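Bear in mind these aren't lab numbers, they're just calculated from the coordinates by the rules spelled out. Here the structure is a predicted model, which means the values were calculated and not measured. Neighbour counts run over all protein chains shown; Cβ positions are idealised from the backbone, glycine included.
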Amino acid sequence: MVSILLMNIYQKLILLIFLLLIIGCAPQLKKEHIKVGVISPLTGDFSSYGTDVQRGINLALEEEGFDDVEVIYEDACLPKEASTAINKLVSFDEVDLISGVFCIISVEPILTITDPRDINVMMVASVPDSFVGISENLFSSHFAIRDEAVEQAEFAYETLGARKASILYLNNPFGVSYEKNFAERFEELGGSIVSREALDVYKGDFRTPLLKVRTAEPDVALIIHLGTELGLILKQAKDIGLEFPFIGTYEAEDVSVIETGGEAAEDLWISASSIEDRPATINFRERFVKEYGEPPSVISQNAYDAIKLQIGAFKQCSGDKLCIRNTLKDTKDYEGASGQFSISSEGTATKKIIFKQVQNGEFTVIQS
């Protein structure tokens, strides 16, 4: 009886060892898809930016090495919309990465969900002070706002010869970062800020703050807004007789600004990242024009670079989250659609900044 029992135990042990050997030697199942969630405005006043994001990503998806990448788009910009979108992408779609984030006001609700799960998030917009270093998982294929704002202040003071400046800025982290950093540098140079006007998103009528600016009599005005609403501001400024130069951000380089502003958009100055004629930028531009019949915007270029960097890091690291972060931070002299750039230890891109002006309905490089 005892011998029979021992034999049964022995047989079971042999079977267990055999099964463990089979499991140990079996090839690991490869993830069929890398799922990427994209949160950008696809409808509404800022839809042109969301379209730019989509176009840049679509060109990346056509390339070798992206056949196993699935992109899921969510139309969101405002915090509440972004919260709903990120919950769906993470809980239902189970995405591996978040890319193409355009709206600054959507970043905090996104990080609330992604940070506890260590999901990498890539913005395609410039990064406000309050977001620099806020998360180890937050990156941008564009520069920090403080870098751009300092260049704007130096351009206003040294190139335009302004000594008095007004600032009209979106009342959110995006606008506040420009306002703070521009003012600090402009005053360091010897200039003075004669008025500061916070603007709401989707307001439509900006004549009240513009009249206050007129009373302040500045030599130049920094205007932090975008899309069709920026075009409206320029029209309303012209209507009440404001004739001093306006300086906008890189996001002002959008066809909707010129279409809405019309003649009032002429002579608008903007800061922009330098897109040099390097092989990667030329190739992207040619492909974009062939596909869409017009030159790419900086947002399309940033979106393309963002997802290329993320997928490259994800594959190199076999999905390991710490490795993805470190790989992105090790990016140096990357040759992308938006030019050559590196990623700083804070997760922002370092790029050369130039200035353009609207002339005859086109953004024209004036100072590089």
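Numbers at a glance
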read-out: Whether the chain is rounded, prolate or oblate, judged on the alpha carbon gyration tensor where a/c under 1.5 counts as rounded; value: prolate
read-out: Gyration tensor verdict on the range 123-267 (Cα atoms; rounded if a/c is under 1.5, prolate if a/b is larger than b/c, oblate otherwise); value: oblate
read-out: Residue order, fewest to most beta carbons within 10 Å, for THR84, THR364; value: THR364, THR84
read-out: Charge dipole (the chain, unit charges on Cβ, about Cα centre) - positive-most of ILE193, ALA306, GLY241; value: ALA306
read-out: Distribution of pairwise C-alpha distances over the range 187-255, 5 Å bins, in %; value: 3, 15, 29, 27, 16, 7, 3
read-out: Net charge of Cβ neighbours under 9 Å - reference SER192; Lys, Arg +1; Asp, Glu -1; value: +1
read-out: Furthest towards positive pole of dipole, GLY204, THR228, GLY293, structure part the range 194-295, Cβ charges; value: GLY204
read-out: Cα-centre dipole for the range 267-313 with unit charges at Cβ (Lys and Arg positive, Asp and Glu negative), debye to 20; value: 220 debye
read-out: Only Lys, Arg (+1) and Asp, Glu (-1) charged, at Cβ; the chain dipole about Cα centre in debye; value: 980 debye
read-out: Simple spin-label estimate for VAL289 and LYS321 in nanometres, 7 Å along Cα-Cβ; value: 4.4 nm
read-out: Gained length - GLU64 relative to THR159, 0.36 nm times residue gap less alpha-carbon distance; value: 29.7 nm
read-out: Protection proxy ranking of 176-186, 295-305, 314-324, 212-222 - average other beta-carbon atoms within 10 Å, highest first; value: 295-305, 176-186, 212-222, 314-324
